[in-house]
Structures are given as C-alpha cells and as structure tokens.
Amino acid sequence: MQKIILAKTGNEAMALAMKQVNPDVVAAYPITPATEIVQIFSQYVADGEVKTEFVAVESEHSAMSACIGSAAAGARTMTGTSSQGLALMYEMIYIAAGLRLPIVMADVNRALSAPINIHCDHSDTMGCRDAGWIHIFSENAQEAYDSMIQAVRIAEHQDVRLPVMVTTDGFIISHGMERIDTLPDADVQSFIGKYDPMMHLLDVKKPFTVGAINLTDYYFEHRRAMVDAQNNALKVIKEVGQEFGKKFDTNYGLIEKYQLDDAEVAIVALGSTCGTSKVVIDKLRQQGVKAGLLKVRVFRPFPTEEIARALENIRTVAVLDRSDSVGGFGGPVFTEIRSALYGSAKKPQISGVVYGLGGREIDMEQIEGLFMDLKAGKVKADAVSYLGVRE
Amino acid sequence: MSELKKYKELALGGNIEKGGTAVDFKTGDWRSSRPIYHPENCIQCLFCWVYCPDSAVILKDGKVTGFNLDHCKGCGICAHECPGKKKVKAITMEEEVK
Ligand code: SF4
Ligand code: SF4
C-alpha cells in the first residue's frame, strides 16, 4: 500500500477523511474554527467527488437533528462543529447517543462564551462528556485524519452503536499545516467496509418506532445498556486501532505512554499539548530528568484501569486540564484520574493543573518549569493550580 | 402488564420493533369528558370518523356505532363537526364524573 504524503491543516485532513469515507449524508452548519471542514467537504459534494447528500441547515440544532433523522433512516452520517455550535446541539447530542445512532462528528475544540472567544480549550466537548458519545482527542492532524476513519468502524460496531466525536485543538491543529500520510481512497473504503444499519426506518418490510417514551419503567434500563456499550467500546477501539496499525503501520490505543514506564515525574495531557510535552521530555531526559507523559487519546469511554496501571508506580504526577469545572475540584481529567487511582495500593502524588483556557498559549518553557517544580516537590499534591494565568 | 424486561433484553436505543403498537397503549384514562352517541340523529356522514385525531370512532360495515373509550381523549372534535339531523347533534359531550 502506497501512502500519499500531503501538506494539510487539521481541518483539511478531517475533510479529506470524510471525503474518503464518502458518507451517505452530511448535515452541518459552519462555525469558527471548524468551518473549513464542512466547507471543503461541500466543495467535494459540488464537484461530484462524493455521493453524499449535503444538508445545509439553519443551525447546529438542526444539523444534529438532521443527522439523527438520517442515521435512523439507515444512512452513514457525519457532521462537524465547534464550541457554541456544539452547545446549540446539546439537546440533540443526548438524543443521538440514546437512540444509539452511529454518527461521526468532527469537533474543533474551542472555548465557550462568555467572554466570547474563538481559541482552543476543551470546554465544549467536555460539556458533552456524560451524553454517551465516544470522545477521541487528536495530538495532531495525522491523528485527526486517522481517527476520523477509525471512528466510522467504532461507531458502527454492533457491540457499540454509539456516536463518536473526534476532536482537534482549535487553530493549533485545525489551522496548523503539517505533513501527513494519507491513504488511497480504496484502502479507506475497504477498512471501513459496507455499512449495515441493522434496523432502519426506510425498511418498509420491518416497521418500527424510534424515539418512543420511556418513563420510570424503562428509561433506567436504556441508560444502563449504554454503559455496556461504552465498556464494549474500550475493546473495540483497541481492536480497530490495532487493525489500522497492521494495515497502515500506525497503531492506536486508548492511551499512549511516552517515556512513562521508568518516569519519576509525569504529566497527563490531551491533544496538541502532548506533542509539545514530548519535545520537553526528550530534552529533560538528556539532562537525566526522568520525565514522562501519559497521553489520553480516548476520554470516553474512560480507560480507568489502563490509566491506573500506567500511573500507579510514578512518584509525582500533574494532570493538565484545558477546561475547568468551575466550582468543582479541578478539571474533568484530573477528577477522573484521581478517582481512577483511588483503588491502587501505590499511588502517585497527584495534582491538577488547569491551563490554556481560551487559547492561552502553553509553551515548552512552561511545561519544562512544571516538570522541574514537580521534581522539586513544589507542586502541592491533591490540589488544583492554574498555569499561565495572571494571579 | 407483562413482566418488565431486563436491560439486556431490550431493543437498541428504545426502539419498538414492530408497527401499530399505539393500539396497545391505553390513552383514554385521562379524559375529562366523553362523547355520547345519539343514533336517532345520525345521518352517517362519517365526519366524526374522519376528524377524530385518535381513530376512536368505531365503524361497523361502514356505519358509526360508537366510540373506543380506551383511546378517545375527549377532545370533542367529533361533536363539534357532527352536523346531525335537522341541526340536532348526533354526538354530545358529557363530563366524566367518576
Ligand atoms: S372526543 Fe375526540 S378523541 Fe373522542 S371520539 Fe370524539 S374526536 Fe375522537
Ligand atoms: S358526524 Fe354525526 S351525523 Fe356524521 S356520522 Fe358522525 S355521529 Fe353521525
């Protein structure tokens, strides 16, 4: 298999993946910094390069509603959004998951208003963390491209049947140009395979009802079934990631450990900050500092056990959150990881670090400083601090 | 009601895996008034049957015979639309007093 090397921004890479998936329906509404994904895709539609029915709707609420209708009708369905757009979808986000519709969405992570801001933080998709969607973060455009392709398989797997959001960091990945390896159309098609909707509303021979009311007698059972589907996804995501690796040379899992196994000080991060951290770790390792990184690729389902095993023998860990649960005890990644470690016999000194809100830059010096502070025991354990804010 | 199913026995996403199941769901029990049929005033125009939003008007051999009170919600549309005979309605609404 010959890979095709291209220079692509994150948005272009995600649009290309969508083109190669060639879904039956895309319903979308533009929003910065995700606009390009569906704009480029609509050009593919206009040029006849895909067979997709493109539904240009009047809001994101309508976009997700149209996606739900189309997925229930049996169509392979995709969309893209960001921030306020995702917030406007919120009602429909829960419905897509509850109806077990395998929609794949590209989301470019961006801060939520107010104050209005267009830059990267993870508040938008973190706000949907309890909705039942699978949630995959990308470190760079390559991962965004690869994950969009894998997401189709994960969502449609019969043991999962849940919608998937694949995210990139706003502007940092969405608008940064990178060299990426892309696959020939035919390889993407053979990897994702033919879609079997299992049940669909256009099947007139088997009429059924979608979206019926469930009161005190059945609602709980349906939510409980979603928990199983998320747990099944832990296995399915790894299988799909390994198959991707076998065919196309890059393996994907739930987490990635970078110089972690013998690390004394480590940070946990999502998205593009992982790339920056790896460069810092390389430098610190040359200076004899045993620094490491745990990258969380998949936030839902949360790989609780894998994370606990990866971190339990490390002395000091800082968990970086690019969103804050205002009024809670730290950001969502910190609270989940601290909770995951609670049952471990040995556990690290752990602290939460909220950073980068509204696109506030995080640079190598700051990450290096954080590692040195961790090493020197200057970061208070079981506490939350704010990195890069004027206090 | 039959025994409640466990979560693993349910259809995906709360789907109801066959059609026409609304008939099994008795919706008539929150009605506050009910239609009363007066056959002597009925001209069998079937307006009531056409207009009833709940398909609760019972026909036998193409003729109105009464109402399915398991599904009639007491909206009164049938009585409103009924032309009756010589301006005397063949359907009147009566308050439910139970
Ligand atoms: S009262 Fe309403 S629901 Fe009942 S039979 Fe008349 S039209 Fe139908
Ligand atoms: S609308 Fe009145 S007159 Fe016409 S069929 Fe019904 S009950 Fe009879």
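The values are calculated or read from the model by the stated rules, or taken from the named source; none is laboratory data. All values derive from a computational prediction rather than experimental measurement. Methodologically, a virtual Cβ is constructed for each residue, glycine included, from the backbone with ideal geometry; neighbour enumeration extends over all protein chains shown. Areas reflect the complete protein model, heavy atoms only, side chains present, ligands, DNA and RNA absent. Shrake-Rupley method; radii C 1.70, N 1.55, O 1.52, S 1.80 Å.
Descriptive notes on the structure:
- Hits in the range A:180-226 (condition: assigned to a loop (DSSP other than H, G, I, E, B), within 7 Å of chain B (Cβ to nearest Cβ) and in contact with a strand residue (DSSP E or B) (Cβ under 9 Å, 6 or more places away or on another chain)): A:Phe208, A:Val210, A:Ala212
- Within the range A:70-91, being assigned to a helix (DSSP H, G or I) and within 14 Å of chain B (Cβ to nearest Cβ) holds for A:Ala71, A:Ala72.
- The single condition from (1) near ligand 1 (Cβ under 10 Å from one of its atoms); (2) over 30 Å from A:Arg100 (Cβ atoms) that B:Lys89 fails is (1).
- Of all residues in the range B:4-51, those satisfying the criterion of being without any contact (Cβ under 8 Å) to a residue 40 or more places away in the chain and within 16 Å of ligand 2 (Cβ to nearest atom) are B:Gln44, B:Cys45, B:Leu46, B:Phe47, B:Trp49, B:Val50, B:Tyr51.
- Annotation: B:Leu69 fulfils all but one of (1) away from ligand 1 (no atom under 14 Å from the Cβ); (2) part of a loop (DSSP other than H, G, I, E, B); (3) surrounded by 14 or more Cβ atoms within 10 Å (Cβ to Cβ); the unmet one is (1).
- Some residue of the range A:195-203 being of a type in the set (Asp, Glu) and more than 21 Å from A:Val166 (Cα to Cα): yes
- Residues satisfying the stated conditions in the range B:14-34, i.e. facing another protein chain (nearest Cβ under 9 Å), open to solvent by 50 Å² or more (accessible area, probe 1.4 Å) and not in a loop (DSSP other than H, G, I, E, B): B:Ile16, B:Ala22
- Residues satisfying the stated conditions in the range A:335-354, i.e. open to solvent by less than 10 Å² (accessible area, probe 1.4 Å) and either over 19 Å from A:Lys375 (Cα atoms) or outside the structural domain of A:Val379 (by TED's automatic domain parsing) (or both): A:Ile337, A:Leu341
- Selected residue [of a type in the set (A, V, I, L, M) and either within 14 Å of another protein chain (Cβ to nearest Cβ) or open to solvent by 60 Å² or more (accessible area, probe 1.4 Å) (or both)] from B:Ala11, B:Ala90: B:Ala11
- The residues listed here are A:Glu139, A:Glu143; of these, the one that is open to solvent by 10 Å² or more (accessible area, probe 1.4 Å), part of a loop (DSSP other than H, G, I, E, B), in contact (Cβ under 8 Å) with a residue 60 or more places away in the chain and closer than 24 Å to A:Glu256 by Cα is A:Glu139.
- Failed item, numbered, when B:Gln44 is tested on (1) at pLDDT below 95; (2) assigned to a loop (DSSP other than H, G, I, E, B); (3) away from ligand 1 (no atom under 12 Å from the Cβ): (1)
- Checked against (1) near ligand 1 (Cβ under 10 Å from one of its atoms); (2) in contact (Cβ under 8 Å) with a residue 12 or more places away in the chain, B:Ile58 passes all but condition (2).
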